[in-house]
Amino acid sequence: MSVHYEDETFKLQVFVSGFSNNAWLLTDKASDESLIIDTPGNPAELLNAAGETSVIGILITHNHSDHLEGFGDVYASHAVPVGIGADDAPAIASRLIAGSIDVAHDVSVSFGGLSLTAISTPGHTPGSTCYYLPSNGGHLFSGDTLFPGGPGKSGSPAAFAQMLEGISTKLLTLPATVAVHPGHGDDSNVAKSLAEYEMFASGDHDSNLFGDVTWLGV
């Protein structure tokens, strides 16, 4: 897969596999250290590219099987510390031998000269976590919490409300220029997502709303 974004400090590559999942490889150019974000099935291209860097950690946005199907293969090649939200961690805890990365809300994850911030956004899963890189306009790895046109799928009205709270108070308060890199599909940015959300929030909605919701479709 071609480079998704590149500047003088870092390179971001995306690899689509599994259930049309996006796996991300974020590499600091000065040190050649990298982080892998999510591990979908059939990760051969991801592993080929990661093998040309010094992988120092794996970050998981949430514990759904399509984001973890390739975890065994990735971890076999790169037995490095892993970050996953505490409430989602049981999905992989028994397989870890290299320790864990603390990804509690607002904790920084540093590699090379770069640093990401973990943002807890429960709702899609109890431990859903996004990762924010403020460098050069900003980049948000939103997993299945936020997509172009709407939030991720929720399993109950309470989960939907929880996800909306996280999106509106933690993600859409980031700078408007921040690129949003979701777990599936195309990018968006905070400015577009905020405009879509505000149209949704201005309307009246059933208190029992949940499931596959689009900002402009209800």
Exercise for review: Kindly provide the set of residues from region 30-48 that are free of Cβ contacts under 8 Å to residues at least 40 places away in the same chain and under 29 Å from Glu8 (Cβ atoms), ordered by number.
Suggested key: Thr39, Pro43, Leu46, Leu47, Asn48
Review point. Can you pull out the residues in region 138-195 that are of a type in the set (Gly, Ala, Ser), part of a helix (DSSP H, G or I) and in contact with a Cys (Cβ under 9 Å, 6 or more places away or on another chain)?
Key: Gly166
Exercise for review: Report yes if Ser207 is in contact (Cβ under 8 Å) with a residue 40 or more places away in the chain, part of a loop (DSSP other than H, G, I, E, B) and among the hydroxyl-bearing types (Ser, Thr, Tyr), otherwise no.
Suggested key: yes
Practice item. Pairs only if they're at least six apart or on different chains, beta carbon under 6 angstrom, first in region 138-166 and more than 30 Å from Glu6 (Cβ to Cβ), second in a strand (DSSP E or B); list them, first residue then second. Key: Met163/Pro151
Point to revise | Within region 121-137, tally of residues that are assigned to a loop (DSSP other than H, G, I, E, B) and over 22 Å from Asp32 (Cβ atoms) | key: 9
Exercise for review: Would you confirm whether any residue within region 13-34 is surrounded by fewer than 19 Cβ atoms within 10 Å (Cβ to Cβ), small (Gly, Ala, Ser), within 23 Å of Asp187 (Cβ to Cβ) and out of contact with any Lys or Arg (no Cβ under 7 Å at 6 or more places or on another chain)?
Suggested key: yes
Review point. Does region 102-121 include one or more residues that are touching a helix residue (DSSP H, G or I) at 6+ places or on another chain (Cβ under 6 Å), at pLDDT 95 or above, within 23 Å of Leu146 (Cα to Cα) and among the hydroxyl-bearing types (Ser, Thr, Tyr)?
Key: yes
Practice item. Just name the residue that is nearest to Ala23 (Cα to Cα) out of those in region 59-109 that are surrounded by 13 or more Cβ atoms within 10 Å (Cβ to Cβ) and polar (S, T, N, Q). Key: Thr61
Exercise for review: Give, as residue ranges, the strands (runs of 3 or more DSSP E) completely inside region 1-120 that count at least 2 residues that are of a type in the set (Gly, Ala, Ser) and within 16 Å of Leu140 (Cβ to Cβ).
Suggested key: 114-120
**Study point:** Among (1) in contact with a Gly (Cβ under 7 Å, 6 or more places away or on another chain); (2) buried (at least 21 other Cβ atoms within 10 Å of the Cβ) - the single one Thr177 does not satisfy
**Key:** (2)
Revision key, fill the gap. Sole miss for Leu216 among (1) crowded, with 18+ Cβ neighbours inside 10 Å; (2) at pLDDT below 95 is condition (1)
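The values are calculated or read from the model by the stated rules, or taken from the named source; none is laboratory data. Just so you know, these numbers come straight off a predicted model, no measurement behind them. Positions of Cβ are generated from backbone atoms using ideal geometry, with glycine treated the same way; all protein chains shown enter the neighbour counts.
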